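The numbers here are math on the coordinates, done by the rules we state, and not lab data. Note that the structure is predicted; figures quoted are calculated from it, not measured. For neighbour counting, all protein chains shown are included, and Cβ atoms are generated from backbone atoms with ideal geometry for every residue, glycine included.
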């Protein structure tokens, strides 16, 4: 049986997102949930960076295009926030691209747009 990487950290952050969803509900823009999450991370002493830029390297050359991840938590988990009706495969592909560019192993897509908070763990 395989181990869940960053299990405690993941569940803690997901719990914070559940608190936000319970308080705000669905219907707000991604920016509102992002601001609320930043408050929760700060208040709970969770180290994070917001809107982290990741460069893309092709044949040892850095491309002009780059990715911005919504949050990088504890330098080991990329959080992608969504406020959509339902997560789909393009959200997973986007997160996989962020993981590949950053060399981070774990991404979590959090969707505040459904009746109940939904999330998906994405591994590189």
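Along its principal axes, what span do the Cα atoms of the stretch 50-112 show, with the longest given first and each in whole Å?
Sorted largest first, the three principal extents are 38, 25, 18 Å.
Give the calculated FRET efficiency between residue 74 and residue 31 to the nearest 0.05, with a Förster radius of 25 Å applied to their Cβ-Cβ distance.
On the way: r = 23 Å, r/R0 = 0.91.
For residue 74 and residue 31, the calculated efficiency is 0.65.
Over the alpha-carbon set of the chain, work out the extent along each principal axis and list the three values in angstrom, largest first.
46, 32, 30
Can you work out the FRET efficiency for the pair residue 9 and residue 92, with r the C-beta to C-beta distance and R0 = 30 Å, to the nearest 0.05? If you can, show how the numbers build up before the last one.
Working: r = 20 Å, r/R0 = 0.68.
For residue 9 and residue 92, the calculated efficiency is 0.90.
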